[in-house]
Amino acid sequence: MKIHRLYTDEKGESHFATEEVEYVETTPSGRLSKRLPATGIIFREVPPTYDLDWHPAPRRQYIINLDNGVEITASDGESRVIGAGEVLLVEDTTGKGHLSKAVNARVRNCIFVALE
C-alpha cells in the first residue's frame with residue numbers, strides 16, 4: 001500500500017513524497033503492517049466549498065478520505081488530489097504549510113488519526 005506524505009524541509013518549504021507501507025505479517029485474513037502508535041481519532045465533515053489558504057498542519061496525523069477527495073498544494077508548487085480511500089500523512093507542522101481545496105463540489109468525510 002502506498003500513502004502520500006507531506007513534510008517540511010529545513011528551509012520551511014513543504015514537499016510531497018510517496019511512502020510504501022511495509023507489511024510484516026500475513027494471516028488468513030490478509031497482510032498486516034506493524035502496529036503504529038496514535039493518540040486519538042477525529043471524524044470530520046468538510047463542506048463542498050472548502051478552500052483553505054496557506055496553513056501548516058495542526059499536528060502530525062494521518063488523513064483518511066472516506067468518500068471524496070481533496071486537492072493539496074505543497075509550498076514547492078506540487079499539487080496532488082488525494083482521492084477517496086487514499087491516505088495522507090501530514091507532517092508539515094512548521095513553515096508555510098499547504099493549501100487545501102475541495103474537489104468534485106461534494107461534501108468530504110474523512111478521519112484524522114492524530115500521532116501527537
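The values are calculated or read from the model by the stated rules, or taken from the named source; none is laboratory data. Fair warning: this is a prediction, and the values are worked out from it, not measured in the lab. Reconstructed Cβ throughout: ideal geometry from the backbone, glycine too, with neighbour counts over all protein chains shown. These accessible areas exclude ligands, DNA and RNA; they are computed on the full protein's heavy atoms, side chains included. Shrake-Rupley method; radii C 1.70, N 1.55, O 1.52, S 1.80 Å.
Of the residues Arg106, Arg60, the single one that is among the basic types (Lys, Arg) and closer than 25 Å to Leu36 by Cα is Arg60.
Mind checking whether some residue in region 35-42 is hydrophobic (A, V, I, L, M, F, W, C) and within 16 Å of Ile82 (Cβ to Cβ)?
Of region 35-42, the ones hydrophobic (A, V, I, L, M, F, W, C) are 36, 38, 41-42.
Pick out the ones that are also within 16 Å of Ile82 (Cβ to Cβ) and you get none.
There is no residue in region 35-42 that is hydrophobic (A, V, I, L, M, F, W, C) and within 16 Å of Ile82 (Cβ to Cβ).
Cβ separations smaller than 7 Å between residues 6+ apart or across chains give the following pairs from region 92-116 residues that are on the phi < 0 side of the Ramachandran plot to residues that are surrounded by 17 or more Cβ atoms within 10 Å (Cβ to Cβ) and among the aromatic types (Phe, Trp, Tyr): Asp92/Tyr7; Val113/Tyr62. Scanning region 90-99 for residues that are closer than 10 Å to Arg60 by Cβ and open to solvent by less than 10 Å² (accessible area, probe 1.4 Å) gives Val90, Asp92. Take the conditions (1) open to solvent by 70 Å² or more (accessible area, probe 1.4 Å); (2) not hydrophobic (A, V, I, L, M, F, W, C); (3) not in a loop (DSSP other than H, G, I, E, B); Arg80 misses just one of them, which is (1).
All of Ile41, Ile63, Ile3, Ile72 fail the test of being among the aliphatic types (A, V, I, L, M), in contact (Cβ under 8 Å) with a residue 12 or more places away in the chain, part of a strand (DSSP E or B) and touching a Lys or Arg at 6+ places or on another chain (Cβ under 7 Å), apart from Ile72.
One line per residue, one yes/no per condition, for (1) farther than 20 Å from Glu20 by Cα; (2) open to solvent by less than 30 Å² (accessible area, probe 1.4 Å); (3) in contact with a Gly (Cβ under 6 Å, 6 or more places away or on another chain):
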{"site": "Asn68", "(1), (2), (3)": "yes, yes, no"}
{"site": "Gly85", "(1), (2), (3)": "no, no, no"}
{"site": "Leu88", "(1), (2), (3)": "no, yes, no"}
{"site": "Lys101", "(1), (2), (3)": "yes, no, no"}
{"site": "Ala105", "(1), (2), (3)": "yes, no, no"}
{"site": "Asn109", "(1), (2), (3)": "yes, no, no"}
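Does at least one position in region 8-17 carry a residue that is of a type in the set (Ser, Thr, Tyr), assigned to a strand (DSSP E or B) and exposed (fewer than 15 other Cβ atoms within 10 Å of the Cβ)? No, region 8-17 has no match at all.
Considered as a group, the residues in region 18-36 that are in contact with a strand residue (DSSP E or B) (Cβ under 8 Å, 6 or more places away or on another chain) and part of a loop (DSSP other than H, G, I, E, B) include one that is least open to solvent (accessible area, probe 1.4 Å), and that residue is Val21. Being at positive phi and out of contact with any Phe, Trp or Tyr (no Cβ under 7 Å at 6 or more places or on another chain) is a condition met by no residue of region 41-51. Asp92 fulfils the conditions (1) under 12 Å from the mean Cα position of the chain (by Cα); (2) of a type outside the set (Gly, Ala, Ser); (3) not in a loop (DSSP other than H, G, I, E, B) except for a single criterion, (3).
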